[in-house]
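See below for the structure under consideration.
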Amino acid sequence: MSTDEVTLDDLPLREDLRGRTPYGAPQLDVAVRLNTNENPYPPPVELSADVAAAVERTAGQLHRYPDRDATALREQLAGYLNAVTSSALTAGHVWAANGSNEVLQQVLQAFGGPGRSALGFVPSYSMHPIIAAGTRTEWHAEQRRADFSLDIDAAVAAVLRLRPDVVFVTSPNNPTGGSASLAELRALLDAAPAIVVVDEAYAEFSEQPSSIELLDEYPGKLIVSRTMSKAFAFAGGRLGYLAAAPAMVDALQLVRLPYHLSVLTQAAARAALEHGQRTLASVATIVGERKRVSATLAEMGFHVVPSDANFVLFGQFADAHRVWTSYLDNGVLIRDVGIDGYLRVTIGTPEENDAFLAASKEVASGPD
Ligand code: PMP
């Protein structure tokens, strides 16, 4: 038997992984790509020059392992969080990894796992249950309301009933766009028996205050997860991070792989953070465009779910997947997130959004 003849079914895979499908947003070569919630603006030349220079400087050290604790990078991340919230975080309150997906995986490795459970309020970020499965954490899903808002009373009741070891709240929520208020988060934190992860991947686009404001009230429970993949325009650099009590960071160090952040990643992320202010100036443009796209879609007769992020969920379609294909035929790649009747579009540059809106006009007037 050759290597090509062995199939997945032949392998001694864990039983609980059989039949599962991997995370898979299509990566297609289309003119207008509005499907993975990235910042549409590439780094300015000054930033890419600084990243290149930083990488070149560190290239002479490639024979050595990187700083295992990424202390300088974590200090810079703490400085950024302190500048945008009213907190006084240090490197000890911040942990970083290759994307917030890796951060979340480490959280479940440390606080979930066999015999433990996690709860999410769905529809929400599809990687939460996938990471739960990978770490053998039992997954519970509680539905949001029909309008996709968080029913806080039902959410608290679910927490009290299920007593999960980890509660995930995504705010703003991907793929629906709404945020949780601090009062709602307090209610969940009060009810939760153990860890509450607020996934704030899209926080920079939101008008709600960050749950980082609650860290001192709930130091033994709250983990706030963030990423440089969205507002920071660093999706390709892979850098996610979290803010929590230093003891939480100690816990994650028990499960992290040594030297997980390469010298190249650390150097590039630090250079990108130095240019943070300039990069984050794009947030206002993106939020303005989100409002324009939402209003224009509504005028065309679509149902638009109010969004606090850099994407918009809209519908309603009898056959969302067929409509997704029509957009693709018009050169616009958006996302079918598997919610009946709805599709999600990432806010792009004004030109990309115009192309999306032009395609929407076709879709709106076409038969469904
Ligand atoms: N959380 C949420 C809610 C997300 O939407 C994403 C990216 N789609 C992530 C976490 C992970 O992002 P990354 O690993 O690039 O930091």
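The values are calculated or read from the model by the stated rules, or taken from the named source; none is laboratory data. Given the structure is predicted, the values throughout are model-derived calculations rather than measurements. Neighbour counts are summed over all protein chains in view; Cβ atoms, including those assigned to glycine, are modelled from backbone coordinates with ideal geometry. Only protein heavy atoms, including side chains, enter the accessible area calculation; ligands, DNA and RNA are left aside. Shrake-Rupley method; radii C 1.70, N 1.55, O 1.52, S 1.80 Å.
Evaluation of Glu142 against the conditions (1) free of Cβ contacts under 8 Å to residues at least 24 places away in the same chain; (2) under 27 Å from Leu239 (Cα atoms) shows that the sole unmet condition is (2). Screening the candidates Ala59, Ala53, Ala31 for the property of being under 30 Å from Asp250 (Cα atoms) and among the aliphatic types (A, V, I, L, M) yields one hit, Ala59.
Quick grid of which residues meet (1) at pLDDT 95 or above; (2) open to solvent by less than 30 Å² (accessible area, probe 1.4 Å); (3) under 30 Å from Arg163 (Cα atoms):
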| site | (1), (2), (3) |
| --- | --- |
| Pro26 | no, no, no |
| Asn35 | yes, yes, no |
| Ala54 | no, yes, no |
| Tyr65 | yes, no, no |
| His93 | yes, no, yes |
| Ala96 | yes, yes, yes |
| Val107 | yes, yes, yes |
| Ser117 | yes, yes, yes |
| Phe121 | yes, yes, yes |
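Please verify whether region 159-166 includes one or more residues that are assigned to a loop (DSSP other than H, G, I, E, B), at positive phi and away from the ligand (no atom under 16 Å from the Cβ). Checking region 159-166: at least one residue is assigned to a loop (DSSP other than H, G, I, E, B), at positive phi and away from the ligand (no atom under 16 Å from the Cβ). Scan region 24-34 and tell me whether some residue there is in contact (Cβ under 8 Å) with a residue 40 or more places away in the chain, farther than 30 Å from Ala244 by Cβ and outside any loop (DSSP other than H, G, I, E, B). Yes - at least one qualifying residue is present in region 24-34.
Which one of Leu189, Leu214, Leu222 is over 14 Å from the mean Cα position of the chain (by Cα) and either open to solvent by 10 Å² or more (accessible area, probe 1.4 Å) or closer than 28 Å to Ala284 by Cβ (or both)? Show your work before the answer.
Numbers: Leu189 fails: either open to solvent by 10 Å² or more (accessible area, probe 1.4 Å) or closer than 28 Å to Ala284 by Cβ (or both); Leu222 fails: either open to solvent by 10 Å² or more (accessible area, probe 1.4 Å) or closer than 28 Å to Ala284 by Cβ (or both).
Of Leu189, Leu214, Leu222, the one residue that is over 14 Å from the mean Cα position of the chain (by Cα) and either open to solvent by 10 Å² or more (accessible area, probe 1.4 Å) or closer than 28 Å to Ala284 by Cβ (or both) is Leu214.
For (1) more than 30 Å from Glu56 (Cβ to Cβ); (2) among the hydrophobic types (A, V, I, L, M, F, W, C), each residue gets a yes or a no:
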position	(1), (2)
Leu189	yes, yes
Val196	yes, yes
Asp216	yes, no
Val224	yes, yes
Ala235	no, yes
Val249	yes, yes
Ala269	no, yes
Ala272	no, yes
Arg278	no, no
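Each residue in region 167-207 was checked for being within 11 Å of the ligand (Cβ to nearest atom), outside any helix (DSSP H, G or I) and without any contact (Cβ under 8 Å) to a residue 40 or more places away in the chain, and 2 of them qualify.
With respect to Ile339, is the statement that it is closer than 29 Å to Pro43 by Cβ and surrounded by 15 or more Cβ atoms within 10 Å (Cβ to Cβ) true? No: the conditions fail for Ile339.
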